[in-house]
Every structure is written in structure tokens, then in C-alpha cells.
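First the structure, in the form of C-alpha cells, and then the observations on it.
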Amino acid sequence: APVSFAQVSYRPLHTFRFVNAASVGRWARYHWEPELGIAGQPVAELAKQPHDHLFDEFEGRLRTGPVAFRLELELAQEGDPVDDPSVIWPAGRERVAVGRLELVRRITEAEIGDPVMLHDPTAFTDGIEISPDDQIIAVRRGAYLVSVGERTGGWERRGTLTSVSP
């Protein structure tokens with residue numbers, strides 16, 4: 001179990017194609033690696049803590065200073081499946097650090113501007129593509145759209161979602 005959200009490695013299930021300005025692309029899985037290092041504890045120890053312990057601990061850290069993560073790309077090799085997130089690639093794939101995220105404070109719901117959160121794994125920026133053959137990512141997107149509809153009481157309230165097809 002985690003000791004802190006600031007000391008967990010975060011990674012997606014899916015593989016993305018990262019394309020540079022010269023239109024050269026490379027398949028990779030990204031990882032957010034904590035600059036504080038990874039730390040864990042027995043589940044029994046975490047279970048002794050209050051329900052919101054990890055959230056409270058993280059917010060306490062932010063009050064004393066930033067929490068940072070390195071963005072690393074784990075590069076696919078020839079033959080690595082890019083359309084099936086259930087397949088684990090062999091250890092030892094080359095990793096390249098491509099960015100850094102520094103969290104400095106908690107963001108309020110008012111700053112977000114919309115309390116309804118939709119995690120759309122197919123929404124990405126220019127230069128990042130999903131595999132057209134990854135059927136799981138398409139299903140996840142549809143499931144998240146249904147979840148938003150259920151949590152908000154219907155699709156008619158969320159005009160931006162009604163025009164999106166899973």
C-alpha cells in the first residue's frame with residue numbers, strides 16, 4: 001500500500017504513439033515517477049489510518065513545498081504489442097525522461113469550473129496518438145461517458161457529452 005500519493009509511480013495501461021515535429025513517431029508507455037522515490041507499507045498499516053489519510057497527507061506535503069514527478073517514456077521495441085494493454089512488456093525497455101510535473105497546491109472545484117469529471121483516455125494533445133486497434137481504450141471511453149451520465153442525472157444536462165460517440 002502507498003505511504004503517500006507523492007511516492008507512487010503512476011502509469012497508464014495503454015500505449016501511445018509520440019510524434020515529433022518531423023512526423024517521426026515512436027510507440028511508448030508513459031510513467032510519472034516520483035522525485036521523492038517510491039515508498040510502500042503493509043496494507044494492514046494503511047488500514048489503521050483514517051479514511052482520508054492519504055489525501056490529508058498529500059495536502060500536508062503541498063503546504064510545506066512542491067511535489068514533483070518525472071515524465072518518462074518507456075519505448076516499445078519491435079514486436080511489443082501496442083494494441084493490448086493487458087500484455088506486460090519485458091523488463092529493461094529503454095526509458096527517456098521527457099518532462100516534469102510540479103504540484104504546488106490543491107486545486108479547488110471552483111478553479112476546475114465544472115465539478116463533473118470525465119476521464120477520457122482518448123483525449124490527447126497534438127503529437128500523441130492512440131492505437132486504432134486498441135479496443136479496450138474505446139470501451140473505457142464509453143464506460144466513462146456512461147458514468148458521467150449516471151452521476152449527473154442524465155445526458156441532457158451535459159450537452160458537450162451528447163455529441164461525443166464512444
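The values are calculated or read from the model by the stated rules, or taken from the named source; none is laboratory data. Because the structure is a prediction, the values reported are computed rather than measured. All Cβ positions, glycine included, derive from the backbone under ideal geometry; neighbour counts span all protein chains shown. Please note that ligands, DNA and RNA were not included when accessible areas were found on the heavy atoms of the full protein model with its side chains. Shrake-Rupley method; radii C 1.70, N 1.55, O 1.52, S 1.80 Å.
Taking a probe of 1.4 Å, how large is the accessible area per residue of the chain, in Å²? Mind dumping the intermediate values first?
Details: 10730 Å² over 166 residues.
Per residue, the chain has 65 Å² of solvent-accessible surface.
Could you compute how fast region 78-153 diffuses translationally, taking Rh as the Kirkwood radius over C-alpha pairs and applying Stokes-Einstein at 10 °C with viscosity 1.306 mPa s? Give it in µm² per second. Write down the numbers at each step before the final one.
On the way: Rh = 16.0 Å.
It comes out at roughly 99 µm²/s.
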Whole-Hz couplings from phi, Karplus 6.51/-1.76/1.60, listed for region 51-60; x for Gly and Pro: 3, 9, 3, 5, 5, 5, 4, 5, 5, x
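Ignoring everything except DSSP H segments at least 4 long, calculate the 222 nm mean residue ellipticity for the chain; use -39,500 (n - 2.57) per segment, divide by total residues, nearest 500.
Working: 5 runs with 43 residues, N = 166.
Calculated at 222 nm, the ellipticity per residue is -7000 deg cm²/dmol.
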Per-q log10 I(q)/I(0), region 51-113, q = 0.12, 0.14, 0.21 Å⁻¹ (Debye; single scatterer per alpha-carbon; no solvent): -0.57, -0.70, -0.89
Which entry in [x] 0.95; [y] 1.07; [z] 0.99 is this structure's computed Rg/Rh (Cα atoms, Kirkwood Rh)? [z]
At what distance in angstrom do the alpha carbon centres of region 4-37 and region 81-107 lie from each other? 3
Take each of the peptides 62-72, 40-50, 104-114, average the number of other beta-carbon atoms within 10 Å over its residues, and list them starting from the highest. 62-72, 40-50, 104-114
Please calculate the 1.4 Å probe accessible area of residue 59, with all protein chains present, and give it to the nearest 10 Å². 60
May I ask you to derive the relative contact order of the chain, considering only C-alpha pairs under 8 Å and at least 6 residues apart, and to give it as an integer percent? 23
